[in-house]
1. For the stretch 6-28, what are the residues that are over 25 Å from Val111 (Cβ atoms), among the hydrophobic types (A, V, I, L, M, F, W, C) and open to solvent by 50 Å² or more (accessible area, probe 1.4 Å)?
2. Where in the stretch 1-82 are there helices (runs of 4 or more DSSP H), lying fully within it, with 3 or more residues that are aliphatic (A, V, I, L, M)?
3. Quick one: what pairs do we get from the stretch 170-199, first residue modelled with pLDDT under 95, second small (Gly, Ala, Ser) and part of a strand (DSSP E or B), C-beta under 6 Å, 6+ apart or different chains?
4. Checking the condition in contact with a strand residue (DSSP E or B) (Cβ under 6 Å, 6 or more places away or on another chain) and either under 20 Å from Val117 (Cα atoms) or of a type in the set (Val, Ile, Thr) (or both), which residue from Ser79, Ser91 passes?
5. Here are Lys203, Lys214: which of them is basic (Lys, Arg) and either under 18 Å from the mean Cα position of the chain (by Cα) or exposed (fewer than 15 other Cβ atoms within 10 Å of the Cβ) (or both)?
6. For the stretch 137-162, enumerate the residues that are more than 23 Å from Ser114 (Cβ to Cβ) and buried (at least 21 other Cβ atoms within 10 Å of the Cβ).
Amino acid sequence: MERLPVEVIGNILSRLGGARDVVIASATCRKWREACRRHLHTLAFNSNDWPAFRDITPRRLEILITQTIFQTTGLQGLSILMDDVDEFSASTVIAWLMYTRETLRRLCYNVRTSPNVNILEICGRQKLEILALAHNSITGVEPNFQRFPCLKSLSLSHVSISALDLSLLLTACPKLESLDLVNPEIAMSDAQVTVELSSPTLKSIYVEAVSLDKFMLEADSIERLHFRDCALELFELIGKGTLKYFKIDDVSIIHLDIGETIDNLEVVDVSNFTIIWPKFYQMISRSSKLRKLRLWDVAFDDEDEVVDLETIAVCFPQLNHLSLSYELRDGVMHYGLQGSSVLENVMVLEIGWTVINDHFSRWVEELLKRCPNLRKMIIFGVVSEVKTHEECQILANFSSSIGQLMRKYMRVEVQFQYE
């Protein structure tokens, strides 16, 4: 260890992550203290990492953080996450940011201050590449002044911001590639909550816990689109057919439009969602490059609608991962077995149930026949704590049927996951 260059020691300390561990390790000897002072490039303060943080008064905690930060030079990554800590002094937090902003590449900031600290004003026009803000407010965005020329990733969690400022913020990030919006508080000037965003460089967007009347996204380079736990009356994507990954989970959307040119879609993952199958199918049917299709706990607007394997096999010839949850309502199977086309490239099959019956085993057998090159099957099931004798018998019959069935398909690896 004595022969290690101080630069290498600095890298070791940076990988420790937590500031408390860094301070303890740097006290080893003079060489490690020098490495911490001159070559430490990542420092993280997280109230969840060390419970004692919560027992220290905010003023004392400010002093500890200040002393630690000011003993470093050239920090590239700074994370200050104080979930359970009362308000800090704004002047102290500003001093931290002013001291580090010229070298910072990554900033994760979740600090409550009085008054609010304008992160954009302090860190704008610098070399920041990753910015994650939580429990903060953003007002009065000025793209010409508060510009982020190098920013590639932006995450806003529980942040208060107007629709206009959010749009202007994206304009101020000419190289932005990734955007995360988690439960933002969107301030509006009128009754209708409308958000219109535009970014020619954006490749990935994740939206969670958002409720809007209208959400329009213009992104010519978008590749990943993921909505979770959202309520939208209208979502419209305006792009150039670059979308590859599309996922919606527990989302309510009355009108969904992801564009007509979606030939490059490779993954479609839909769960806990009510769809009008003909419209949804028409939207993705031209995606001949689709490799993964997941339809899980999907409710159909028309109870008589059926998604047949024939359609899936013909339209998605490159499909290698298929996930379907078993639904039988009023004697109608929503995933029908009509036709004779096989899913030749499907290597992984995920199937599951919420309510099991005797038809499930036969459905599994037919699916296996349609997937001649299958290598892995994962069966998900819900098992209630209190079961009637009939339910226990159905589960026992299913277990026996699967055991017998898999003797015919020895090449297939089978996994069970129950909840």
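The values are calculated or read from the model by the stated rules, or taken from the named source; none is laboratory data. What you see is a predicted model; the values in this text were computed from it and never measured. Positions of Cβ are backbone-derived with ideal geometry, glycine not excepted, and every protein chain shown enters the neighbour counts. Keep in mind that these areas ignore ligands, DNA and RNA; they rest on the heavy atoms of the full protein, side chains included. Shrake-Rupley method; radii C 1.70, N 1.55, O 1.52, S 1.80 Å.
1. Within the stretch 6-28, Val8, Ile12, Ala27 qualify.
2. It comes to 6-16, 19-26, 58-70.
3. Taking only residues 6 or more apart or on different chains, the pairs are Glu185/Ser160; Ala187/Ser162.
4. Values: Ser91 fails: in contact with a strand residue (DSSP E or B) (Cβ under 6 Å, 6 or more places away or on another chain).
Checking each option against the conditions leaves just Ser79.
5. Lys203
6. Phe148, Leu151, Leu154
Every residue, every condition in (1) within 16 Å of the chain's Cα centre (by Cα); (2) modelled with pLDDT of 95 or more; (3) open to solvent by 40 Å² or more (accessible area, probe 1.4 Å), yes or no:
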residue: Asp229; (1), (2), (3): yes, yes, yes
residue: Thr261; (1), (2), (3): no, no, yes
residue: Val268; (1), (2), (3): yes, no, no
residue: Val306; (1), (2), (3): no, no, yes
